[in-house]
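Contents: one structure, followed by commentary.
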Amino acid sequence: MTERDETTKESAEARPAPSGRCDDTAASLGDYRATFHAARVAMAVLNRDGLVLAANPAFGELVGADPAELVAATASDLTDLGADPRVWTAYREVLCGRSDRLRCTRRLKHPEGHSVWVEVTVEPLTPEPLSGEERMLLSVADISDRHDLLARLRHLQMHDPVTRLPNRALFFERLSSALETASFEPSGTGRIGLCYLDLDGFKAVNDTLGHRVGDRLLSAVAQRLTRCAESPAVRGGHLVARLGGDEFALLVEDSTGTDQLAELAQCVLDALQRPFDLAGQRLSVSASIGVVERAATGTTATGLMQAADTTLYWAKEDGKARWTLFDPERNAHRMTRQALSSTLRPAVDRGEFTLEYQPLVGLGDGRAQGVEALVRWRHPQFGTLSPNRFIALAEENGAIVELGRWVLERACHQARAWQLAHPAEPLFVSVNVAVRQVWDSDLVADVAGILAETGLPPELLQLELTESAVMGSAGRPLQALQALSDMGVRIAIDDFGTGYSNLAYLSRLPVSVLKLDGSFVRGFRSQEHPNPADEMIVEALVALAHRLGLTVTAECVESAEQAERLRRIGCDTGQGWLYSRPVAPDRVAALLDAGRHTGA
Ligand code: C2E
Ligand code: MG
Ligand code: MG
C-alpha cells in the first residue's frame, strides 16, 4: 500500500452526526489542563479557523517548537493536512461543523531529521463555556512502529523467500506504475523493456538432485541476475524479480531502445554460462530469454507479458540458451494460427471444407487408376487455405478426428458416384489419414461404417499414412492396419523417404503401396545436370519394394522426362502436375467421360 492509498482510505472515515462531546462537569477544568499537559499524545486545541489556541508539550516536541510559540500557528501546516486535496476537504468539513471527525495517516518530518508516521485526528470539543466559541481537538499519535511492522509484512508478502528477489506481485505493481509514469510524465524516454527468462532444464536439476539443490541454484542465479541488472554497462538499477518456478524478469524502465535490452540479455546469458558450485556439486545451466521493448503509451502490463511469454517460447523453440527479440510479424503468424486453430471444429460443422482430387496415373499406359482426395478450407476471412496451413493445427487440437471422418465420408460418397457412372473400370480413391485418427478414434469402425453406408467396395479405397505414423506401431495402430487390410482396404505409405525409410520393417506391416516423396523426383529434374546418384537410389528402392510385394507411386511428377525415367526405373504410378493439378470432382467426371486419359 502506498502512502497515498492509506490516507485516502482513512480520510473517508467520518462519523455522521455530532453526538457525545467531552463532558466537563465531573472533573475540574484544572484536571483537564493537567491531563492535557502531561499526555504522551500530541494534542492541540484549535479554533474554527484551524489556528492553534493551545498545544501540549508532546505536540511541541513532535513539531520541534515551544508549545507557547505555537499559539496562532496554522494547524494544517504543522500536520501536513493541506498536501492531499481529499484530506484537506475532509478537514475543512470538520472545522465548519459539517462533519464530526477526520482521521488520517501522514508522514511528518521529525525535528531530529527522521520521518515519523502519525495518525491525525480532528474532532469538535464542547464550545467554550463563557464565550460559546467552537473549538476542535487535534491529536497526533505516533504510529511509526505499527507502520514499520506493516511495511515489513508487506516486504515479506512482496518478496520471494528463496531468492529474496521481488516476487510476481511486486513485479506487476512496479510494471504497472512504470507504464503509468512513462505514459503520463514526459520526463523519461517513454519506453519500457523487459527480459523474461526461464532456465533450460531446471526441472531436471530439481528432479535428480532434489529441491534443496534446486533452491540453492535459483538463489545463485538470482545473485548473478542482480549483478547484471546493476551493471553500469546496461545503465543499471533495473528491477529483477522471480515470477515463479524458474522464471525471472528484468524490467527496464525508461529504456533507450532494443540495443540496451539486447545488451542486458546477453549479459545475463554470459553470466549464467559460468558453472555454479553448490555444496560440492558443479552445475551448468543456461537460460532462454524473451526480449520485448516498446513505447509505454498504449502498452498494458498484460499485453507486455503476453508478448514476453510468446517471445520466450520462440527462444525455446529456436534452440534454447539464447535471447530472442519480439517480432510483430512472427506474432501475427501465431495469431492467425490461433485464430485458425480455434475455428477449425466449428468450420467442419459449417461445411467450410471441400475436396479436390488429383489423378494417380499408370506410368505404363498414362491412364488414371485412382485419385487422391486433398482437402481445402474455404475460410470466410482468409480465402482458400491449403492443408499445409491447417492439418498440423487440427492434429494438435484434435479437430483432425472430425475433419478426417468428414473427408473419408465425402471421398467415399464421391468414389461410389463415379463407380456407378463408370462401372466397367472404376477409379479408386486415396484418402490421407493422420496419426491421431488411428489413435484417438475408432478408425476401423468408421471405415467399415462409411463403406457400408456408401456402398463403396473396399478395394476402391486406399488410405495414406505417413511412415512416422506406422513406425513402431504395435498394439492398437497395428491391429487397426491389420483389420483394415483384412477388410480389403489398401494401405499406402505417404511421403516415403522423408522419415525412417525402413523398408524391411514396412514390409512386415499390412502395407501395399509406397508413395515416394516428391524430393526424390525433384532430385533428377534438371535436364542439364541429372544426378545419377538419385536415380540409382530410386531404382534400388523400387526394386526392393517390388521384391517385398509393394507397388510404387511417385509424387510430384512435373515433366514428361521425369515420367519417362520413372517408368524405365520401374515405378508403377505417378502423380503430379504433368498429369493434372488437384481438381474439383466434376473435372474428374469429365476425365472419366473422356476415357480417363490425362492431359499428358
Ligand atoms: P500429400 O499427401 O503428399 O499430397 C500431395 C501434395 O503434393 C498435395 O498438396 C498436392 O497438391 C501436391 N502436388 C501434387 N502434384 C504436385 C507436383 O507435381 N508438384 C508439386 N510441387 N506438388 C504437387 P496439398 O494438396 O497442398 O496437400 C499437402 C498435404 O496435406 C498432403 O500431402 C497431405 O499430407 C495433407 N493432406 C491433404 N489432405 C488431407 C486430408 O484430408 N487429411 C489429412 N490428414 N492430410 C491431408
Ligand atoms: Mg497423401
Ligand atoms: Mg505425399
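Residues in segment 191-210: is at least one of a type in the set (Asp, Glu) and touching a strand residue (DSSP E or B) at 6+ places or on another chain (Cβ under 8 Å)? Before the answer, list the steps.
Step one: filter segment 191-210 for residues of a type in the set (Asp, Glu), giving 198, 200, 207.
Filter once more, keeping what is touching a strand residue (DSSP E or B) at 6+ places or on another chain (Cβ under 8 Å): 198, 200.
Looking for residues that are of a type in the set (Asp, Glu) and touching a strand residue (DSSP E or B) at 6+ places or on another chain (Cβ under 8 Å), one finds at least one in segment 191-210, hence yes.
The set of residues in segment 482-520 that are among the aliphatic types (A, V, I, L, M) and near ligand 1 (Cβ under 10 Å from one of its atoms) contains only Ala492. When the residues of segment 306-347 are filtered to those that are among the basic types (Lys, Arg) and not in a loop (DSSP other than H, G, I, E, B), the one that is least open to solvent (accessible area, probe 1.4 Å) is Lys316. Residues that are open to solvent by 30 Å² or more (accessible area, probe 1.4 Å) and outside any helix (DSSP H, G or I) within segment 44-64 comprise Arg48, Asp49, Leu51, Leu53, Ala54, Gly64, listed in sequence order. Within the option set Leu194, Leu269, Leu217, Leu264, being assigned to a strand (DSSP E or B), surrounded by 15 or more Cβ atoms within 10 Å (Cβ to Cβ) and out of contact with any Gly (no Cβ under 7 Å at 6 or more places or on another chain) holds for one residue only, Leu194. Within segment 65-75, the set of residues being hydrophobic (A, V, I, L, M, F, W, C), in a helix (DSSP H, G or I) and more than 20 Å from Val118 (Cα to Cα) comprises just one member, Ala68. Taking the conditions (1) farther than 26 Å from Asp440 by Cβ; (2) of a type in the set (D, E, K, R); (3) modelled with pLDDT under 95 in turn, Arg337 satisfies each one other than (1). Output the number of the condition that Val118 fails; it satisfies all remaining conditions of (1) in a helix (DSSP H, G or I); (2) in contact with a Lys or Arg (Cβ under 8 Å, 6 or more places away or on another chain). Of (1) in a helix (DSSP H, G or I); (2) in contact with a Lys or Arg (Cβ under 8 Å, 6 or more places away or on another chain), only one is false for Val118: (1). When restricted to residues that are of a type in the set (Gly, Ala, Ser), modelled with pLDDT under 90 and open to solvent by less than 40 Å² (accessible area, probe 1.4 Å), segment 508-525 contains 2.
Look at Pro426 and say whether it is closer than 16 Å to Ala589 by Cβ, more than 16 Å from ligand 3 (Cβ to nearest atom) and without any contact (Cβ under 8 Å) to a residue 60 or more places away in the chain. Show your work before the answer.
Details: closer than 16 Å to Ala589 by Cβ: yes; more than 16 Å from ligand 3 (Cβ to nearest atom): yes; without any contact (Cβ under 8 Å) to a residue 60 or more places away in the chain: yes.
Judged against the criteria, Pro426 is a match.
Taking segment 412-451 as the range and being over 44 Å from the mean Cα position of the chain (by Cα) and either more than 16 Å from ligand 2 (Cβ to nearest atom) or over 22 Å from Asp486 (Cβ atoms) (or both) as the test, the residues that pass are Arg416, Ala417, Trp418, Gln419, Leu420, Ala421, His422, Pro423, Ala424, Glu425, Pro426, Leu427. Residue pairs whose Cβ atoms lie under 8 Å apart, separated by 6 or more positions or on different chains, with the first residue in segment 379-397 and touching a residue at least 12 places away in the same chain (Cβ under 8 Å) and under 13 Å from Ser342 (Cβ atoms) and the second of a type outside the set (S, T, N, Q) and open to solvent by 50 Å² or more (accessible area, probe 1.4 Å), are Leu393/Arg337; Asn397/Arg345. Just give me the residues in segment 65-85 being within 22 Å of Gly132 (Cα to Cα) and open to solvent by less than 30 Å² (accessible area, probe 1.4 Å), in sequence order. Once the filter is applied, which keeps residues that are within 22 Å of Gly132 (Cα to Cα) and open to solvent by less than 30 Å² (accessible area, probe 1.4 Å), segment 65-85 yields Ala73, Ala75.
Can you find a residue in segment 445-462 that is open to solvent by 40 Å² or more (accessible area, probe 1.4 Å) and within 16 Å of ligand 1 (Cβ to nearest atom)? There is no residue in segment 445-462 that is open to solvent by 40 Å² or more (accessible area, probe 1.4 Å) and within 16 Å of ligand 1 (Cβ to nearest atom). For Glu123, the stated conditions hold: it is surrounded by 12 or more Cβ atoms within 10 Å (Cβ to Cβ) and within 25 Å of Leu150 (Cβ to Cβ). Within segment 221-243, the set of residues being out of contact with any helix residue (DSSP H, G or I) (no Cβ under 6 Å at 6 or more places or on another chain) and not in a helix (DSSP H, G or I) comprises Ser231, Arg235, Gly237, Arg242.
Here segment 371-392 is the region considered, the condition is being under 19 Å from Asp494 (Cβ atoms) and more than 14 Å from ligand 3 (Cβ to nearest atom), and the residue that is most open to solvent (accessible area, probe 1.4 Å) is Arg389.
Evaluated against (1) within 16 Å of ligand 2 (Cβ to nearest atom); (2) closer than 30 Å to Glu535 by Cβ, Leu509 falls short on exactly one condition, (1). When segment 393-409 is limited to residues that are within 18 Å of Pro346 (Cβ to Cβ) and within 16 Å of ligand 2 (Cβ to nearest atom), the one that is most open to solvent (accessible area, probe 1.4 Å) turns out to be Glu395. The set of residues from segment 555-578 being within 12 Å of ligand 1 (Cβ to nearest atom) and of a type in the set (D, E, K, R) comprises Glu555, Glu558.
Taking the listed residues Ser288, Ser284, the one that is touching a strand residue (DSSP E or B) at 6+ places or on another chain (Cβ under 6 Å) and of a type in the set (Ser, Thr, Tyr) is Ser288, with no other qualifying.
Name the residues in segment 86-103 that are of a type in the set (Gly, Ala, Ser) and open to solvent by less than 10 Å² (accessible area, probe 1.4 Å), would you? Spell out how you get there, then give the answer.
Residues of segment 86-103 of a type in the set (Gly, Ala, Ser): 90, 97, 99.
Across segment 86-103, there are no qualifying residues.
Restricting attention to segment 441-488, the residues that are at pLDDT 95 or above, over 16 Å from Trp406 (Cα atoms), touching an Asp or Glu at 6+ places or on another chain (Cβ under 9 Å) and in a helix (DSSP H, G or I) add up to 0.
Check whether at least one residue in segment 408-415 is modelled with pLDDT under 95 and outside any strand (DSSP E or B), and report yes or no.
First pass over segment 408-415, keeping only residues modelled with pLDDT under 95: none.
No.
If you filter segment 27-43 down to residues that are among the small types (Gly, Ala, Ser) and assigned to a helix (DSSP H, G or I), you find that the one that is farthest from Val122 (Cα to Cα) is Gly30. Evaluating Met536 against the criteria (1) in a helix (DSSP H, G or I); (2) open to solvent by less than 20 Å² (accessible area, probe 1.4 Å) leaves one unmet condition, (2). Close contacts from segment 555-579, counting a first residue that is farther than 16 Å from Leu541 by Cβ and in a loop (DSSP other than H, G, I, E, B) and a second that is within 16 Å of ligand 2 (Cβ to nearest atom) and charged (D, E, K, R), with Cβ to Cβ under 9 Å and a gap of 6+ residues or different chains, come to Gln575/Glu372; Gln575/Lys515; Gln575/Glu555; Gly576/Glu555.
The values are calculated or read from the model by the stated rules, or taken from the named source; none is laboratory data. These figures come from a predicted structure and were not determined experimentally. Here Cβ is always computed from backbone atoms with ideal geometry, including for glycine, and neighbour counts include all displayed protein chains. These accessible areas exclude ligands, DNA and RNA; they are computed on the full protein's heavy atoms, side chains included. Shrake-Rupley method; radii C 1.70, N 1.55, O 1.52, S 1.80 Å.
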